[in-house]
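*Asks:* This is the structure I have questions about; it appears just below.
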Amino acid sequence: MGLDSPLVAEYLNKKYGTKFPITPGGCNALATKAFVQPDGAMFPCQELTDTVPISYQEIINRAAGDLPFRSNLVADPEGILDFYHYKVTDEDRSRLVSLISNMQDVVRTNIRSTIERSAIQ
């Protein structure tokens, strides 16, 4: 990111008293906000970021503490990984698909049992 970025110019002006011009262009991205990835890379919009490498265990950890993420992950694992720009290895993707498939099987079995029990009563 160069000095032509409004955020860089504004930061340097405030921090060091410089007089770099702040001239946003285009859509004014980076003029008021930016998206920063965990590795420190900064982008004007979240949609413009590269994919973020993530491991199977990191996905499981996130799912354990984030109910909407967990629900979306079970409903549409590929879609939620794409939405967050997460990139997993083929091995981790396979493990994740297997885990979610097993979870879905358990849920289907429980629903079927509940329906059968209620039909008997």
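*Asks:* Starting from the exponent 0.38 and prefactor 2.2 Å, build the expected Rg for region 46-121 from its residue count and divide its actual Cα Rg by it.
*Replies:* Normalised by 2.2 N^0.38 Å, the Cα Rg of region 46-121 equals 1.37.
*Asks:* Right, something else. Which cross-chain or sequence-distant (5 or more) residues have an amide H under 5 Å from the amide H of Tyr86, H modelled 1.01 Å from N in plane?
*Replies:* For Tyr86, the qualifying residues are Val52.
Every read-out reported here was derived from the displayed coordinates using simple, explicitly stated rules and does not represent laboratory data. Only a predicted model underlies this, so the values are computations on that prediction, with no experimental measurement involved.
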